[in-house]
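S.K.: First, the structure itself, so that you have it in front of you.
The values are calculated or read from the model by the stated rules, or taken from the named source; none is laboratory data. Nothing here was measured: the structure is a model prediction, and the numbers come from that model. All Cβ positions, glycine included, derive from the backbone under ideal geometry; neighbour counts span all protein chains shown. These accessible areas exclude ligands, DNA and RNA; they are computed on the full protein's heavy atoms, side chains included. Shrake-Rupley method; radii C 1.70, N 1.55, O 1.52, S 1.80 Å.
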Amino acid sequence: MESCNCIEPQWPAGELLMKYQYISDFFIALAYFSIPLELIYFVKKSAVFPYRWVLVQFGAFIVLCGATHLINLWTFGMYSRTVAIVMTTSKVLTAVVSCATALMLVHIIPDLLSVKTRELFLKNKAAELDREMGLIRTQEETGRHVRMLTHEIRSTLDRHTILKTTLIELGRTLALEECALWMPTRTGLELQLSYTLRQQNPVGYTVPIQLPVINQVFCSNRAMKISPNCPVARLRPLQGKYMPGEVVAVRVPLLHLSNFQINDWPELSTKRYALMVLMLPSDSARQWHVHELELVEVVADQVAVALSHAAILEESMRARDLLMEQNIALDLARREAETAIRARNDFLAVMNHEMRTPMHAIIALSSLLQETELTPEQRLMVETILKSSNLLATLVNDVLDLSRLEDGSLQLELGTYNLHAVFREVLNLIKPIASVKKLMITLNLAPDLPEYAVGDEKRLMQTLLNVVGNAVKFSKEGTVSVTAFVAKSESLRDSRAPDFFPVPSENHFYLRVQVKDSGAGINPQDIPKLFTKFAQNQTLATRNSGGSGLGLAICKRFVNLMEGHIWLESEGLGKGCTAIFIVKLGIPEHSNESKLAFGQKMSGHGQTNFPGLKVLVMDDNGVSRSVTKGLLVHLGCDVMTVSSSEECLRVISQEHQVVFMDVCMPGIDGYDIAVHIHEKFTRRHERPLIVALTGNTDKMTKENFMKVGMDGVILKPVSLEKMRSVLLDLLEHRILFEAM
């Protein structure tokens, strides 16, 4: 085929323009149809656009325009060239603008949506802040009201004022029509209308506490709305056809006073509540707000706290009044006890003197009679009289010692003495009684036991005499062994005496004494009772022996004074008994000087008579005066007797070496006589030695004797041997004060 190098003919100008219009109409229609779709998407996503119908109308218009241009694709006709150029230009421009608008909307719509979303977010945040500010303002207002109410409530501790103030302040703060408080009755089965806002003296209406509405409120710690028609809400009658306002009720915990203790905190009962009822004004559309209910709940709690404080105050005041009454009663009882003790001591002092005076005569005359020639039968009678009299004197001493121990007036008189001699003297005193019962007494003193000790010799000897005497008294046959040794540290503690805490040191030691007998024995259950006054073991042997009387009771107190411990051990009836006591004694610093002093004292007792010793005896009791004179005459003294203080001052002279004067009780003129004698004889070597004969064992007596310048005191009764010993010590040391 032969090739052709020809050029294709160009399109006619009119046909080319039509082609451009055709293409432009197509793109215009496409743009018009896409724009409504974008607007529909925008409206759907935008929740804040207010004119949706305008967009719908605009979308319809665009769709119609697009449809028109689409239809133009099939309605092309023949036009003039100028018109065709203008139409082509306008359609091209329309197509460009439409496409540009459609493309622009694709980019703008997300930005528009984000702007609207931020505006909505800010609006929501602003609304939320407004609500929070409102809550804050409400809370501040509520807090202010709570503080004001709390201040008013706490301004007093009177329960009635607290409750009345609470109702008034709540009514004023919340603009209430009525406010009331229902209090539980004493039985706890009912609630009684006790306080109201509007009524001065509310009638005491009562409702059962088991009502469902009451149980519902009591089971919750929140303020609850209740029906205006329930029994606790009928606070005042409705007038006319007004509708009652909303009513709320809240519980108020009450202090359970039965659990209140003076030394402990009271307990809050979980079952005891009061009921507070609050009513809004009648015929009002007002309702309870949350912050108002919170205010009511807080006030109810504050009222509970204030009421608890008031209850504690009231109970404290009652406890204080009760305590004051008890203190007054105790003070009265103390005064009565002190009066009774003084009366007892005065009685004992009088009876002591009155009993010692005849005992003095009996013992003195019996000791004088014992110095005469008597038949064996007469001598046995005299010895029996002396033993019975000494036993009676011991009993009197025990009664007085026990009385002084109980009132705390008895104190130990410490001194250095021969400890071994005390044990030997006790055995010498007990052996005559034991020999009558054919009992053997043995004494075992440990080699390491100090010969001399510091302590109260009289009280230790009295304790030993009681313990050994009981062993002899309650034994019919066999032996009584006395053992004394220094207690070791490991053997001091005893589980039976938890209060006994021995503390060893270099300046003292603990003496342990064991007295074992083969007597009737003791039931272990009866041992603690024997240390009480007038205790008796209920065995036949014991009843025949007369019981333990005051001996062990006094021994226990003496041992306690000497910082010791005493107890009994027995395996049972008929198996004997062992009495053990531990006492604290001091160690003398200069033992050689003590031995020398005791040796000189004992060697001086070899002298028996005092020939030519001029003695003046003053005693208002004739029998006692004669007895004392008889003792002194038997000892070889030249005796003059007087019966009154005036006669004594008149006849006394420098020739008299010793003056014995009876001093019945403290405050008698015997003290004045001693003072007058000192005034009459200013020089000591010219003044006679003044010795008081007394039956009073009070410590103050000895101190008063020393104050007025007396040289000695002798406690009645006085035997012949005692008078001899007194004169020996008095003439040797020119002073003698017997332990009181």
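S.K.: Hey, with R₀ at 51 Å, roughly what FRET efficiency would M224 and T339 work out to, going by the Cβ-Cβ distance, to 0.05? Numbers along the way, then the final one.
M.R.: Working: r = 67 Å, r/R0 = 1.31.
That gives a FRET efficiency of 0.15.
S.K.: At 0.36 nm per residue, and after removing the present C-alpha to C-alpha distance, how many nm does the segment from T682 to L122 gain when stretched out fully?
M.R.: Length gained between T682 and L122: 189.5 nm.
S.K.: Let me ask another. Under a point spin-label approximation (7 Å from Cα along Cα-to-Cβ), what is the T384-L323 distance to one decimal in nm?
M.R.: 6.6 nm
S.K.: Multiplying the sequence separation of E569 and D283 by 0.36 nm and subtracting their Cα-Cα distance, what value in nm do you get?
M.R.: 93.5 nm
S.K.: Next up: Around I441, under 12 Å between beta carbons, what's the net of Lys plus Arg minus Asp minus Glu among the other residues?
M.R.: +4
S.K.: A further question follows. Taking 0.36 nm per intervening residue step and subtracting the Cα-Cα distance, what contour gain separates V350 from L561 on full extension? Walk me through the intermediate numbers first.
M.R.: Values: separation 211, 0.36 × 211 = 75.96 nm, distance 2.65 nm.
Full extension of this stretch gives 73.3 nm more.
S.K.: I'd like the carbon and sulfur percentage of the solvent accessible area for the stretch 614-739, probe radius 1.4 Å, heavy atoms only, ligands and nucleic acids excluded.
M.R.: Carbon with sulfur: 51 percent of the solvent-accessible area.
S.K.: In nm, give the distance between the simple-model label positions of Q525 and I40, each being 7 Å from the Cα along the Cα-to-Cβ direction.
M.R.: 11.3 nm
S.K.: How large a share of the accessible area of the stretch 352-462, in percent, is made up of carbon and sulfur atoms when the probe is 1.4 Å and the other protein chains stay in place? Display every interim value, and only then the final one.
M.R.: Values: 3500 of 5750 Å².
Reported share for carbon and sulfur atoms: 61 percent.
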